[in-house]
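Taking it in order: structure first as structure tokens, then the write-up.
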Amino acid sequence: MRTTTDPGVAAEALAAGRLVVVPTETVYGLGARADLPRAIARVYAAKGRPADHPLIVHVAEARALDAWATHVPDFARGLADEFWPGPLTLVVRRSDRAGDFVTGGQDTVAVRVPAHPMMRELLTALAVLTSDPSIGVAAPSANRFGRVSPTLADHVREELGSVLGPDDVLLDGGPCEVGLESTIVDCTADRPVVLRPGRVSVADVEQVTGLVVGLDSPVRAPGTLAAHYAPQTSVSLASLDELTRTPVSPGQAPIGVLALASVPTPPGMVRLSAPTTADDYARVLYAALREADALGLDRVLAVPPPALGVGSAIADRLARAAAGG
Ligand code: TXA
Ligand code: MG
């Protein structure tokens, strides 16, 4: 895998059918042209991902949504207007363009316009190279199946360095600004359903659409199962009280602490990170979980931030990390 910071180089590699690790504002993605089944098959193989887990199609502009979808309800357009480019994925009825090899055989497709400036440049350059303004880049998070999503180019090298080929490219866009995967909203019924929380919250979706978000959806989002997003080290959710009352035994590997900076580190424990806001917590979360593995900690005690806005998405990922340990 070659590293570049030039979106034009990355676009040429994608156009030629190579895999490109792409920076987005959420997490890094492992991208392939969404119209090339052989390239997509390599994405699944590199990740070790089951073939029925659908991919998100990334496009340059909101108007490309209509090329990938057959029916887009008004509330979905409202969400796209408000949050694109940004950390929001819309699930809509697919058009013929969205092959089974991208949708995992479902009759829906997930579409997102990402905001990272280098990713936007890449998508625009690819549209020019292929003379196709609606061209899509299908990209799951650039981690091995079931592991923590990468938010830095170094994480990507750890995850995929040994499985990608010499002609595949890593577009290094620095640290991801949001740090958690996009919010996924199912737009196939008469009201939105949040399938995966993210920086865009349920309250945001309700405010923009004027609709009450449904809690249940017939749509599957494989990979949003409990026990995803887990590091090797076991993770437990703790209240402030539980944290301070946890005994530290001298003979044992240290316990790691992940909490807002306002929470002090109990004596004998190792501070993984001390974010000052919920947004900051989201940004450092996955790097902190990787650090826990690197340090060989006994376990991690995580005190989540208040469950408001992105705080709910952090609690969701921590609960999954806890289920996987
Ligand atoms: O922020 C993100 O969304 C990142 C960046 C790279 O864009 N991507 C990402 O992709 O997290 P991935 O593949 O790790 O997670 C995508 C999730 C999976 O849980 C998948 O099941 C769900 O989206 N998904 C994709 N297409 C779907 C569809 N048609 N219906 C329901 N869920 C879908
Ligand atoms: Mg993923």
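The values are calculated or read from the model by the stated rules, or taken from the named source; none is laboratory data. These numbers were taken from a predicted model, which means no experiment stands behind them. When we count neighbours, we look across all protein chains shown, and the Cβ atoms used for this are built from the backbone with ideal geometry, even at glycine.
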Would a scan of the range 172-189 turn up a residue that is polar (S, T, N, Q), more than 13 Å from ligand 2 (Cβ to nearest atom), surrounded by fewer than 16 Cβ atoms within 10 Å (Cβ to Cβ) and modelled with pLDDT of 95 or more? no
List, please: which pairs have Cβ atoms under 6 Å, are six or more places apart or on different chains, and start with a residue in the range 1-15 that is touching a residue at least 40 places away in the same chain (Cβ under 8 Å) and under 15 Å from residue 160 (Cβ atoms) and end with one that is of a type outside the set (Asp, Glu) and assigned to a loop (DSSP other than H, G, I, E, B)? 1/164
Mind checking whether some residue in the range 181-202 is farther than 28 Å from residue 279 by Cβ, part of a strand (DSSP E or B) and touching a strand residue (DSSP E or B) at 6+ places or on another chain (Cβ under 6 Å)? no
Would you be able to tell me the number of residues in the range 72-110 that are out of contact with any His (no Cβ under 8 Å at 6 or more places or on another chain) and within 21 Å of residue 19 (Cα to Cα)? 9
Taking the range 150-169 and the residues there that are in contact with a helix residue (DSSP H, G or I) (Cβ under 6 Å, 6 or more places away or on another chain) and over 22 Å from residue 37 (Cβ atoms), the one that is surrounded by the fewest Cβ atoms within 10 Å (Cβ to Cβ) would be 150
Candidates 128, 59, filtered to the one that is within 14 Å of ligand 1 (Cβ to nearest atom) and either among the small types (Gly, Ala, Ser) or modelled with pLDDT of 95 or more (or both): 59
Of the residues in the range 108-124 that are crowded, with 23+ Cβ neighbours inside 10 Å and in a strand (DSSP E or B), the one that is nearest to ligand 1 (Cβ to nearest atom) is 110
Of all residues in the range 99-113 being more than 16 Å from ligand 2 (Cβ to nearest atom) and closer than 17 Å to residue 61 by Cβ, the one that is farthest from the chain's Cα centre (by Cα): 109
Using beta carbons and a limit of 8 Å, which pairs, at least six apart or on different chains, have the first residue in the range 178-198 and near ligand 1 (Cβ under 7 Å from one of its atoms) and the second one among the charged types (D, E, K, R) and not in a loop (DSSP other than H, G, I, E, B)? 181/196; 182/112; 182/196; 184/196; 195/186; 196/316
Pairing a residue in the range 43-58 that is in contact (Cβ under 8 Å) with a residue 40 or more places away in the chain and basic (Lys, Arg) with any residue that is assigned to a strand (DSSP E or B) and within 12 Å of ligand 2 (Cβ to nearest atom), where Cβ atoms lie under 7 Å and the two sit 6 or more apart in sequence or on different chains, gives 47/30
For the range 125-149, which positions are more than 16 Å from ligand 2 (Cβ to nearest atom) and surrounded by 18 or more Cβ atoms within 10 Å (Cβ to Cβ)? 125, 126, 127, 134, 135, 136
